[in-house]
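A short worksheet on the structure shown next.
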Amino acid sequence: MRTDLTKAALTRRRFARRPEEVAAARRFVRGGLTRGSDAWETAQLLVSETVTSALDQSAPARGSGSLEVGYAVVGRRLRVEVSDDGGPARLRRRIHAVRSAGGRGLELVRVLASRWGVRESSSWRTIWFEVDLNGGSPPGR
């Protein structure tokens, strides 16, 4: 029987909408995981990418607000949700030049997460992902 992680109680924390808070969000989620596994490393990377995406894609006028990070470990699966106050438009997939220094965060999430998605409205956005803590490869790899 599969446990529905979307109904799991998440441990949540708010962070200021500032680039230096990315590391704090990573430490927050890391505190709930066993150190040293591939899943531990993957989860840290994906937290960084989803929080950075939330910062990059939010409306400039909302830059002084906050965002919320939540996580839950259910069985052998980690679920992380990063919620913000939305952006000027729906989340978009951008195409970048090969030598671009950034802009590939959600592509990393797509490749490394077991599952992921986005829920959004005109006033909020949540990027979520799940990582299999057994250390197996995501489906399709």
Among residues of region 110-136 being under 11 Å from the mean Cα position of the chain (by Cα) and of a type in the set (Phe, Trp, Tyr), the residue nearest to Ala39 (Cα to Cα) is Phe129
Against the condition surrounded by 15 or more Cβ atoms within 10 Å (Cβ to Cβ) and either in a loop (DSSP other than H, G, I, E, B) or at pLDDT below 90 (or both), how does Ala39 come out, does it pass? yes
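Conditions (1) at pLDDT 90 or above; (2) surrounded by 12 or more Cβ atoms within 10 Å (Cβ to Cβ); (3) outside any helix (DSSP H, G or I), marked per residue:
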| residue | (1), (2), (3) |
| --- | --- |
| Val47 | yes, yes, no |
| Ser83 | yes, yes, yes |
| Ala89 | no, no, yes |
| Ala97 | no, no, yes |
| Gly140 | no, no, yes |
With the first residue restricted to region 107-118 and required to be farther than 7 Å from Glu130 by Cα, and the second required to be open to solvent by less than 50 Å² (accessible area, probe 1.4 Å), Cβ contacts under 6 Å at 6 or more apart or on different chains are Leu108/Glu49; Val109/Leu46; Val109/Glu49; Val109/Phe129; Leu112/Thr42; Gly117/Trp128; Val118/Leu91; Val118/Ile127
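Just checking, does region 21-28 include any residue being modelled with pLDDT under 90, assigned to a helix (DSSP H, G or I) and more than 23 Å from Glu120 (Cβ to Cβ)?
Within region 21-28, not a single residue is modelled with pLDDT under 90, assigned to a helix (DSSP H, G or I) and more than 23 Å from Glu120 (Cβ to Cβ).
The values are calculated or read from the model by the stated rules, or taken from the named source; none is laboratory data. Keep in mind it's a predicted model, so treat the numbers as computed, not measured. FYI the Cβ positions are ideal-geometry reconstructions off the backbone, even for glycines, and counts take in every protein chain you see. Keep in mind that these areas ignore ligands, DNA and RNA; they rest on the heavy atoms of the full protein, side chains included. Shrake-Rupley method; radii C 1.70, N 1.55, O 1.52, S 1.80 Å.
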